[in-house]
Amino acid sequence: MRRPLFIGSEIYRGSIHGRNHPLSIPRVSSTIDLCRAMGWLGDGQYVDSPRATPAQLARFHDPDYIATLMRVEAEQRAEPEVRARYNLGKLENPIYPQMFRRPATACGASIHAAALLAEGGIVHSPAGGTHHGRRDRASGFCFFNDPVLGIYALLDQGLARVCYVDIDAHHGDGVEIAFAGDPRVRTISVHEDGRWPHTGRAGDRAGGSARNLPVPPGFNDSEMAFVVDAALVPLARDFAPAALVLQCGVDGLADDPMSKLRLSNRAYWYAVERLMGVAPRLLVLGGGGYNPWAVARCWAGVWATLNGLAIPDGGLPEAAEAVLRGLAWSRSEGRNPPAHWMTTIADKPRLGAVRPAVREVVARALADDPALPPLAPFALDSAGP
């Protein structure tokens, strides 16, 4: 099998949603730069992303909505009724210079990834993961829904089943809604309980085979390992997918300001490693993540994990440290960042007890699946990052 491929684009370098928007930080560009500085990403594995055409976007999105986004980008203005109809022009989904081209490029990457995976393999597209986008409106920083388009592209190749696993701190509502009742797609979402968009409750099957695991604040590495081993891997394998799409939003990191989860980046790498062998095709997307140092370090480690590369516990090459020292963040946390954000990639593990609330959501996710074994006891020294 060929080496994993990384899809990126220079459109993300310097493109911001507005001065005060949480996504107005370098994420994809800094991940690329860090991977290159570590010697992990050569030209032979890098693929420049195409931009999805309006016809490709219309595989899921409403043509009128697509045309409206193109017009609003060109004019940099929208009438009040257009703003209200399509949920545009707010802090959440602002009007900015690349508001069509940038998300359309992320969609183009997910669609192209499906083609690259036709014969099997692994593709990483950290610009993807816009899981809140709806068919005819923007939602939650997401103007389009590239995971849905990527899954459709895989299904259109004739694949019988695709499993979508979402480990973002926010529920993958847009993807779940898009495939509710579709027997070809199983969606599994691990997200913080009680956080926006306030969907994805435990036991909610969304009219089909969806599984939701809302976890409590303070969710730690040991609990993530338990969820991965006891629920995500068995549920995905039980579905016997021809492809697995992993939305790897990293806003559950302890250093991220947008959730109350307390994960280290090692917990994400563990999830990626354990899910890698579930299907012959693996597409790993990005998603949330609002601390530029935390995002770059975590996603670079995801890429290293996909390639079986060792991630150093200690110091970094001078070029890699320079990438991290070159980042900036307008929030108070970025004014005096801790040294390890710039001198290491791997966080210290955040182990702890596996609380009853976490065991309960796993048990509810496994309910009604007679093919799966009963929930086994979990020991901290038997699994985990």
Scan of the stretch 246-296 for residues that are within 20 Å of residue 145 (Cβ to Cβ) and modelled with pLDDT under 95, ordered by number: none
Hey, residue 309 hydrophobic (A, V, I, L, M, F, W, C), in contact with a Phe, Trp or Tyr (Cβ under 8 Å, 6 or more places away or on another chain) and either surrounded by fewer than 19 Cβ atoms within 10 Å (Cβ to Cβ) or at pLDDT below 95 (or both) or not: yes
Number of the condition not met by residue 110 [criteria: (1) under 19 Å from the mean Cα position of the chain (by Cα); (2) hydroxyl-bearing (Ser, Thr, Tyr); (3) farther than 14 Å from residue 9 by Cα]: (3)
1 or more residues more than 30 Å from residue 162 (Cα to Cα) and in contact with a Lys or Arg (Cβ under 8 Å, 6 or more places away or on another chain): qualifying helices (runs of 4 or more DSSP H) within the stretch 12-115: 28-37, 63-75, 80-86
Residue that is touching a residue at least 24 places away in the same chain (Cβ under 8 Å), of a type in the set (Phe, Trp, Tyr) and assigned to a loop (DSSP other than H, G, I, E, B), where the choices are 270, 290: 290
Extreme residue, surrounded by the most Cβ atoms within 10 Å (Cβ to Cβ), among residues of the stretch 147-169 that are in contact with a strand residue (DSSP E or B) (Cβ under 7 Å, 6 or more places away or on another chain) and closer than 16 Å to residue 116 by Cα: 147
Considering residues of the stretch 327-344 that are in contact with an Asp or Glu (Cβ under 9 Å, 6 or more places away or on another chain) and touching a residue at least 24 places away in the same chain (Cβ under 8 Å) only, the residue surrounded by the most Cβ atoms within 10 Å (Cβ to Cβ): 341
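The values are calculated or read from the model by the stated rules, or taken from the named source; none is laboratory data. Computed from a predicted structure; not experimentally measured. Ideal geometry is used to build each Cβ from the backbone, glycine not excepted, and the neighbour counts take in all protein chains shown.
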